[in-house]
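A.B. asks: Structure incoming, see below.
Nothing in this text is a laboratory measurement; each read-out follows from the coordinates by a stated rule. Because the structure is a prediction, the values reported are computed rather than measured. Ideal geometry is used to build each Cβ from the backbone, glycine not excepted, and the neighbour counts take in all protein chains shown.
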């Protein structure tokens, strides 16, 4: 059973990670401050805790990954989070990204299609003090219309398209950050909703697991 201890060694490693992210170009100090407060090792199995403060992605359950810290920081920075923003995250995974946004003052709704991860993360977050994050199980392409509109939407898996259903759930002036593209590499896109139009910006090449539709229950795909 995990003890959820955050000792001086963990804090020292986290401080080094934050310094490296700043050196690599992350400029939003609110993002860095949030990440400095969250023990990333809580989101990995105890046997792999030493990997928590390396700037690399790492496999978790259900064939998914916990994103590279730089990617978490960059996506959070592009969202331009403001306190009390209503944010929808597509792809809960380990829950780490949702906690970063929550730590920044956002009201976070996060959707996971894998039942195994949904159960694990929904149990974890209250234990480590993030019971304010609303976890949902469902198809990320469908979003969470019953809670819309959202100020910001973050997609943490690669889509072949910009999903119209998600754009529809953004308020006017809202921002969506999503990796888009086929193959191994995708373009990180920042989309600003301008009424019926979209302003699209590209922010470099990244590599994500693919965004899949439907729901994967522990008994099989639905």
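A.B. asks: Go ahead and estimate [θ] at 222 nm for the chain from helices alone: -39,500 (n - 2.57) per DSSP H run with n ≥ 4, summed, over the residue count, rounded to 500.
C.D. replies: Calculated mean residue ellipticity at 222 nm is -8500 deg cm²/dmol.
A.B. asks: Let me know the shape class of segment 55-221, please: from the alpha-carbon gyration tensor, a ≥ b ≥ c as square roots of the eigenvalues, rounded when a/c is under 1.5, otherwise prolate if a/b is greater than b/c, or oblate.
C.D. replies: It is rounded, given that a/c, with a ≥ b ≥ c, falls under 1.5.
A.B. asks: In addition: Averaging sequence separations of C-alpha pairs under 8 Å and six or more residues apart, then dividing by the length of segment 1-146, give the relative contact order as a whole percent.
C.D. replies: 19
A.B. asks: Sticking with this structure for a sec: Comparing 155, 133, 209, which has the greatest mean-square fluctuation in the GNM of the chain with Cα pairs linked when under 10 Å apart?
C.D. replies: Largest GNM mean-square fluctuation: 209.
A.B. asks: Once you have a ≥ b ≥ c as the square roots of the Cα gyration tensor eigenvalues for segment 131-222, tell me rounded if a/c is under 1.5, and otherwise prolate or oblate according to whether a/b is larger than b/c.
C.D. replies: It is oblate, given that a/c is not under 1.5 and a/b is not larger than b/c.
A.B. asks: For a test of the definition: using alpha carbon positions, the gyration tensor, and the 1.5 limit on a/c, classify segment 1-59 as rounded, prolate or oblate.
C.D. replies: On the way: a/c = 2.21, a/b = 1.70, b/c = 1.30.
Prolate, because a/c is 1.5 or more and a/b exceeds b/c.
A.B. asks: Please figure out what share of the DSSP beta bridges in the chain is antiparallel and state it in percent, rounded to the nearest 5.
C.D. replies: Counting only bridges with both partners in the chain, antiparallel ones make up about 45 percent.
A.B. asks: What is segment 55-221's relative contact order, in percent, from Cα pairs under 8 angstrom and six or more apart in sequence?
C.D. replies: 20
A.B. asks: Also, I was wondering about something else. Quickly rank 103-115, 36-48, 80-92, 193-205 as a protection proxy: mean count of other C-beta atoms within 10 Å, highest first.
C.D. replies: By packing density, highest mean first, the sequence is 103-115, 80-92, 36-48, 193-205.
A.B. asks: On to the next question. Over what distance in Å are the Cα centres of segment 3-30 and segment 117-151 separated?
C.D. replies: 25
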